[in-house]
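Everything below concerns the one structure shown next.
Please treat every number below as a calculation from the coordinates, not as lab data. Since the model is a prediction, treat every value here as computed from it, not as a measurement. Methodologically, a virtual Cβ is constructed for each residue, glycine included, from the backbone with ideal geometry; neighbour enumeration extends over all protein chains shown.
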């Protein structure tokens, strides 16, 4: 990437402007930045490194090489795309959360159905056990009765 031309301090005009005041939109050298921060009106101003700043007047040629675009236009497009992507992402996350909730509700219904089937099977098994126990008791009673009759005959 090409290096941007070095800016000079806009206060003393002799040193390199290595700091950029975001509030004043001016470049400052280290000494002038120190003085700027000491003044009551500019005490709370925010600075960034001049090397981190993308100048608004910087241009680039698009792929078709027919039109120049400023970096501020590119940054605006990036901000818009980021916002669009965040909106789409939030929408997808909300949709996924709704689907997860629906699946969880379906699992609860399924679990309740399984419990109901298990209870029905247990109830039917207990009913069959009672019938078998009753039949066994009747057969034992019949055998005992026949045994008594044979002994008395």
Report summary line: Across all Cα atoms of the range 1-53, Rg and the largest Cα-Cα distance (Dmax), in Å, are 10.9, 39
Report task. Take 35, 13 and order them by how many other Cβ atoms sit within 10 Å, fewest up front. Result -> 13, 35
